[in-house]
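Presented below is the structure to which this report refers.
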Amino acid sequence: MQIRQHLLQDHLQQDRNLQNTAISPKATFKTCLNKCLTLWYSTIACLISLIFVSFVVSSSVHAHEIRPAIVDFTFDKNGVYQLTIQHSLEAIMAEIGGNHDDTDESSNAEKYNQLRQLSPAELNTEFEKFTPGFLKKMQLFFDNKSEPLKILDIDIPEVGDTELARDSVINIAGIIPENVNNMSWAWDNKFGNAVLRVSTEEDPELFSGYLVNGDRSEQVPINVACYGAENAQQVGGCALQQSQWDNFKNYIKVGFVHIIPKGLDHILFVVGLFLLSAHLRPLLIQITTFTLAHSVTLALGIYGVVNVSASIVEPLIAASIVYVCLENIYSEKLSRWRPFIIFAFGLLHGLGFASVLREIGLGSGSFITGLIAFNIGVEIGQLTVIAICFLLVGFWFRNKPWYRKVITIPASIIIALIAIYWVLERTGFI
């Protein structure tokens, strides 16, 4: 009897245990929902990574990077003008265009590569054939009337390293028609973006503007009758110097474009900073440190105090991306030494920014404002990258327990591999 009662009690206890461990339908639904959401979030994260990587990998950064043309228009008191265009003849003839960051992105990349192999004499011969079409697609306006153009000569460097762009100089000259008050310039978008600078001997900073998408420059006031005249700024129709605000806006635009879309290595560095943590405090510490550092070397580089070869700076910039991404993989939070390392890397990136600004040129009268404006443009570009990353993944997933495993680590690995390729490419190993 006692044995039977004991067995009955054991059976009842097992029933109670089963009831306690049984999963309610509500709990089962919640568990399945969480698993489905995790799978959905992971899929979105992977798709975003694939889209981003395909965008980046499609560019062989710096190998055949497209820089804007430097177009200088100068004139004297006799009404003689000179128009010089410093740009890649190969990119012009291949019509690579301003919509690409690199020649390899263009459908005409093969033509560019063939032209890049030619000697100066051979390239000059090819450009002579191209000249009639070229002059039809480039216009110099005096008071909104297009002026016929004639090329005097072209300075073409030796072949050199074919992995780098070869900038030639096209020289054009002529006479400004009488009673002209304004000039403007434009060329076809297929020839690329351009920086137009207008000057005289007495006023080397009359105007500068950054032109994209084949845009025509604004009307620049010129009047050779006022050349050297006293109080010329108050005389109607005389050359008027570009306002500081207009000049400021131009350099902001140049700084922004250098980050988005042309600065893919700088973009990846900023994305690497974001990936460690999408929360405000770590981001502010890293971005502020990076900004202070690159501002220092940007100024020193432009003033000529620091001048380091691009062959040294560019591989180190790529290496900085590798380091940041590797630290993202092995560190779960902002370490006490990371801001100091980011500061050092920021100094390198500042030297890279300085090389771009030196190519475009800063006049002595607008040196400070141009430098500040360019830096502001760079910062707006970097903050835009951060904002895009935050809207894509940070806002939605930063507090998820799987954020680091699904987003931070895979994205850091991918970016690190791209940067390793750049290091090898920029040091000549591949």
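The values are calculated or read from the model by the stated rules, or taken from the named source; none is laboratory data. Everything numeric here is computed off the predicted structure, so don't read it as measured data. Note that each Cβ is placed from the backbone with ideal geometry, even for glycine, and that neighbours are counted across all protein chains shown.
Note on segment 304-320: among residues that are in a helix (DSSP H, G or I) and either of a type in the set (Val, Ile, Thr) or not assigned by TED's automatic domain parsing to the domain that holds GLY350 (or both), the one that is surrounded by the fewest Cβ atoms within 10 Å (Cβ to Cβ) is ILE312. Residue check: GLY352 meets all listed conditions (1) more than 22 Å from ASN193 (Cβ to Cβ); (2) in a helix (DSSP H, G or I) but one, namely (1). Counting residues in segment 155-174 that are more than 30 Å from ARG426 (Cα to Cα), assigned by TED's automatic domain parsing to the domain that holds TYR81 and acidic (Asp, Glu) gives zero. For segment 214-248: of the residues being at pLDDT 85 or above and over 24 Å from GLY79 (Cα atoms), which is surrounded by the most Cβ atoms within 10 Å (Cβ to Cβ)? It comes out as GLY214. ASN144 passes every criterion in (1) farther than 26 Å from TYR81 by Cβ; (2) surrounded by fewer than 16 Cβ atoms within 10 Å (Cβ to Cβ) apart from (1). So, VAL195, is that one assigned by TED's automatic domain parsing to the domain that holds PHE73, surrounded by fewer than 20 Cβ atoms within 10 Å (Cβ to Cβ) and among the β-branched types (Val, Ile, Thr) or not? No: the conditions fail for VAL195. Of the residues in segment 353-391, how many are modelled with pLDDT of 85 or more, of a type in the set (Gly, Ala, Ser) and more than 13 Å from the chain's Cα centre (by Cα)? Adding up the residues that qualify gives 2.
Between ASP155, ASP167, the distinction of being modelled with pLDDT of 95 or more and among the acidic types (Asp, Glu) belongs to ASP155 only.
Pairing residues of segment 300-320 that are under 14 Å from ARG426 (Cβ atoms) with residues that are at pLDDT 90 or above and among the aromatic types (Phe, Trp, Tyr), at Cβ distances under 7 Å and at least 6 apart in sequence or on separate chains, gives ALA318/TRP422; SER320/PHE269; SER320/PHE345. Scanning segment 276-303 for residues that are more than 24 Å from LEU351 (Cα to Cα) and assigned to a helix (DSSP H, G or I) yields LEU276, LEU280, ARG281, PRO282. Small (Gly, Ala, Ser), surrounded by 18 or more Cβ atoms within 10 Å (Cβ to Cβ) and within 20 Å of ILE92 (Cα to Cα), is that true of SER168? Yes; evaluated as a whole, the condition is true for this residue. Selection within segment 174-198: residues that are part of a strand (DSSP E or B), closer than 28 Å to SER106 by Cα and among the small types (Gly, Ala, Ser). The member of this set that is farthest from the chain's Cα centre (by Cα) is ALA186. Among the residues of segment 82-100, is there at least one that is over 28 Å from ILE418 (Cα atoms), of a type in the set (Ser, Thr, Tyr) and modelled with pLDDT under 90? Scanning segment 82-100, I find no residue that is over 28 Å from ILE418 (Cα atoms), of a type in the set (Ser, Thr, Tyr) and modelled with pLDDT under 90, so the answer is no.
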